[in-house]
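What follows is a short report on a single structure.
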Amino acid sequence: MDDEPIDVPDEPAPQSDWFLQFLVRMANDRTWELGLTLNVGGVTVMGTLIGGRAYFDLLAAAFATGLNPATDEEREAVRASMAQAGRIYPEARFDEREARGEDVYLRQQENYIHLKDARFVVGNAFVPASGPLLWRGRLSEVDGWALGTVSATP
C-alpha cells in the first residue's frame, strides 16, 4: 500500500447545489410545484417547492388575513403592499419571455428557496402537525435534499 499523500486540488466548495438551484429557477420561471425534503443545518424541512412570486403572494395574503382589528380595505392595502416584494421574480413565464427575444439565461442566480405547506421533522413527529406553513431559506445553507416528502401514515 502506497503511503504517498494524494494531491487534492484546492478548490472551494460550491455555494449551493447546481441542480437544486435549477429546480428553484424552474419554480420561479415556470411556476412549477414539486415536493422536496431538505436538510438545513441538521434540521429536516419538507414541503412543496414554489416560486418566489407565489411565496410572497401567499405570505401577503396570510399576513393580511391575520390582522385584527382591521377593515377589509386595510387588509387589502397591507396585502397589496407586502406582495410587492415578490415582484423581483418574473411575472411572465420562461417560454413567453424567450419567445419575445429576452435573454432569459442572464439573470441573477437564485439565492432563496421557497416552500409552502412546510413541516419540520422533530424526532418522530412533524411540526406543525397540521395547517399551512410558508418557509424561505438560503440555497447556500441547504446541506442535502431529496425529491418528495414523507408522511406520518403507518
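Here, each number is a calculation from the coordinates, and none is a lab measurement. The structure presented is a predicted model; accordingly, all values stated were derived computationally and were not measured. Ideal geometry is used to build each Cβ from the backbone, glycine not excepted, and the neighbour counts take in all protein chains shown.
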Per its Cα gyration tensor (rounded if a/c is under 1.5, else prolate when a/b beats b/c, else oblate), the stretch 109-154 is best filed as prolate
Using 7 Å Cα-to-Cβ label points, what is the residue 85/residue 18 separation (nm, one decimal)? 3.2
To the nearest 20 debye, the stretch 12-78 has a Cα-centred charge dipole, built from +1 on Lys and Arg Cβ and -1 on Asp and Glu Cβ, of 340
